[in-house]
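For reference, the structure is listed below as structure tokens.
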Amino acid sequence: MAIKSDRWIREQAQRGMIEPFSEKQVREGVISYGLSSYGYDLRVSDEFKIFTNVNSAIIDPKDFDERSFVSVQADSVIVPPNSFALARSIEYFRIPRDVLTICVGKSTYARCGIIVNVTPFEPEWEGFVTLEISNTTPLPAKVYANEGLCQILFFQSDETCETSYAARAGKYQKQQGIVLPKL
């Protein structure tokens, strides 16, 4: 398995792997996004779900209570201290059958105590990415919509997998918005 370069990512993007696709890294006045040397920095949309304890809900992945968050649509959002938020990517991904990706946080946010969960995009998964954002600090943290949040690294195998995410009808296939936990 080999990590893929900007040239390979650009070629795959022209085939619809990433839409919309930013051909170069955009940095001026924003937290960077777009094509990098060995990955792609995706942008977070203006849709967020901020977790709250107002309703004393219990987080249960088998029976998720939607009262445990507040939905926000804004150019930026404040994630409370030691709290968590969900968001979605602006980009829609279509992962080739011989590729696995890993989503990692950007250092600009990590240096502020904001961590993005390491998430794989499996072979033949497609959709908008539901992003998991943790504020590990005792202070409120600001996250900016329409700017970079995390980097996607692409690993291509020398063979295709026997059963892809699409073939096994993965429960998060072709997700459109912020998708909550499913059983």
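The values are calculated or read from the model by the stated rules, or taken from the named source; none is laboratory data. Only a predicted model underlies this, so the values are computations on that prediction, with no experimental measurement involved. Cβ: placed from backbone, ideal geometry, glycine included. Neighbour counts: every protein chain shown.
Listed by first and then second residue, the pairs linking a residue in the stretch 142-171 that is on the phi > 0 side of the Ramachandran plot and part of a loop (DSSP other than H, G, I, E, B) to a residue that is of a type in the set (Val, Ile, Thr) and surrounded by 14 or more Cβ atoms within 10 Å (Cβ to Cβ), with Cβ atoms under 8 Å apart and 6 or more places separating them unless they lie on different chains, are Asn146/Val44; Asn146/Ile90. Against the test of being out of contact with any Lys or Arg (no Cβ under 8 Å at 6 or more places or on another chain) and within 18 Å of Tyr172 (Cα to Cα), the options Arg88, Arg27, Arg10, Arg43 yield a single qualifying residue, Arg88. Number of residues in the stretch 59-94 that are of a type in the set (A, V, I, L, M), part of a loop (DSSP other than H, G, I, E, B) and under 30 Å from Ala13 (Cα atoms): the value is 1.
Quick check on my filter: what residues within the stretch 29-49 are closer than 30 Å to Asn82 by Cα and either at pLDDT below 95 or in a loop (DSSP other than H, G, I, E, B) (or both)?
In the first step, residues of the stretch 29-49 are kept if they are closer than 30 Å to Asn82 by Cα; the result is 29-34, 39-49.
Answer for the stretch 29-49, where residues must be closer than 30 Å to Asn82 by Cα and either at pLDDT below 95 or in a loop (DSSP other than H, G, I, E, B) (or both): Gly29, Val30, Ile31, Ser32.
Applying the condition of being of a type outside the set (A, V, I, L, M, F, W, C) and in a loop (DSSP other than H, G, I, E, B) to the stretch 105-127 and asking which residue is modelled with the lowest pLDDT yields Asn117.
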